[in-house]
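Taking it in order: structure first as structure tokens, then the write-up.
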Amino acid sequence: MSNDTHDTDYQRILRNLKAAGRAPEEPAPAGPEPSPAAVQVRFPLFTPWVARVLLTINIIVFVVPSFLDVIGVRIAGTVSVYDFLLIWGAKDNAAIFVGGQYYRFLTAMFLHGGLAHLFFNSFALYSLGFETERLFGAQRFLAIYMLAGLGGGVASYALNPNPSVGASGAIFGLIGALIAFYLVARRVLGGIARQQLGSLIFITLINLALGFTTPYIDNNAHIGGLLTGTLLGWLLAPRFALDMQSYPPTLVRLSLRRGWMLTLAVLVALVALIAIIAPPI
């Protein structure tokens with residue numbers, strides 16, 4: 001076909017820009033026409049500030065009970081870290097089911113059983129949380145983190161009779177949300193999405209295998225957080241589309257219709273499960 005009768009995509013874009021007064025009227029320099037696909041497309045990202053706040057809270061909440069534990073040992077000689085974790089709000093089935101202390105589903109997410117536990121969860125929150133918030137934005141990231149942590153707590157409450165603490169359920173939820181995002185965005189991101197999916201699935205399998213072979217790891221919370229985060233990630237993940245009407249081409253953020261309404265439905269379902277579950281004690 002002749003270029004005299006059929007414009008190239010690049011010519012069509014320039015013509016639209018000139019009509020809108022957004023491009024100079026001077027003729028383009030002589031030489032081969034650049035392809036819009038060769039122009040670097042800017043990926044719209046957010047600044048991750050909520051993840052920083054959560055990371056800071058985890059550290060502060062760990063330091064305060066540890067300091068009080070030192071004081072308690074010096075005064076009474078019998079107070080342990082385990083006692084302090086129960087006092088400060090660890091997930092304890094008896095306290096929740098019999099005592100009605102439902103706040104423990106929230107407080108357990110910010111408690112850690114030791115420095116190594118805090119370090120690994122903090123590193124995971126730093127590496128996964130910042131990436132998730134950049135892609136999803138502050139509100140969606142916070143919803144995924146908190147509801148995935150709740151989902152992990154509900155799974156632990158239903159299946160694990162032992163007290164537990166930690167942000168691991170929420171962090172596994174971030175892994176699930178990223179998996180959902182790259183599945184949704186694979187048509188736009190192509191090979192990048194496939195590489196990220198492979199890495200995330202590998203990390204998930206390794207950590208779940210470690211949980212199954214280590215008695216003190218609450219793998220129920222990990223699986224519950226992972227499933228909840230994957231569902232929420234699919235509901236709240238931005239749907240990117242390439243806008244070829246602008247130059248250079250830009251990615252436009254779209255959202256799943258009723259995504260937030262369905263997210264609220266997930267919260268209601270988790271609360272309903274808490275109300276009907278008779279946990280092992």
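The values are calculated or read from the model by the stated rules, or taken from the named source; none is laboratory data. In this text the structure is predicted, and so the values were computed from the model without any measurement. Neighbour counts run over all protein chains shown; Cβ positions are idealised from the backbone, glycine included. These area figures cover heavy atoms from the full protein model, side chains too; ligands, DNA and RNA do not enter into them. Shrake-Rupley method; radii C 1.70, N 1.55, O 1.52, S 1.80 Å.
The residues in segment 247-270 that are more than 23 Å from residue 184 (Cα to Cα), open to solvent by less than 80 Å² (accessible area, probe 1.4 Å) and free of Cβ contacts under 8 Å to residues at least 40 places away in the same chain can be counted, and the count is 1. One residue stands out among those in segment 220-243 that are outside any helix (DSSP H, G or I) and within 14 Å of residue 177 (Cβ to Cβ): the one that is modelled with the highest pLDDT, which is 237. When segment 205-219 is filtered for residues that are in a helix (DSSP H, G or I) and either buried (at least 17 other Cβ atoms within 10 Å of the Cβ) or in contact with a Leu (Cβ under 7 Å, 6 or more places away or on another chain) (or both), the ones remaining, listed by number, are 207, 211, 219. When 231, 178 are screened for being in contact (Cβ under 8 Å) with a residue 40 or more places away in the chain and open to solvent by 20 Å² or more (accessible area, probe 1.4 Å), only 231 passes. In summary, residue 82 fulfils each of the numbered conditions (1) under 16 Å from residue 161 (Cα atoms); (2) open to solvent by 60 Å² or more (accessible area, probe 1.4 Å); (3) modelled with pLDDT of 95 or more with the single exception of condition (3).
Does residue 193 meet the test of being closer than 28 Å to residue 139 by Cβ and in contact with a Phe, Trp or Tyr (Cβ under 8 Å, 6 or more places away or on another chain)?
On the way: closer than 28 Å to residue 139 by Cβ: yes; in contact with a Phe, Trp or Tyr (Cβ under 8 Å, 6 or more places away or on another chain): yes.
Criteria met by residue 193.
All of (1) more than 30 Å from residue 244 (Cβ to Cβ); (2) of a type outside the set (Gly, Ala, Ser); (3) open to solvent by less than 20 Å² (accessible area, probe 1.4 Å); (4) assigned to a helix (DSSP H, G or I) hold for residue 112 with one exception: (4).
Scanning segment 181-204 for residues that are in contact (Cβ under 8 Å) with a residue 40 or more places away in the chain and either outside any helix (DSSP H, G or I) or among the charged types (D, E, K, R) (or both) yields a single hit, 185. Count of segment 155-170 residues, restricted to those that are open to solvent by 10 Å² or more (accessible area, probe 1.4 Å) and hydrophobic (A, V, I, L, M, F, W, C), is 4. In summary, residue 134 fulfils each of the numbered conditions (1) closer than 22 Å to residue 260 by Cβ; (2) more than 18 Å from the chain's Cα centre (by Cα); (3) of a type in the set (D, E, K, R) with the single exception of condition (2).
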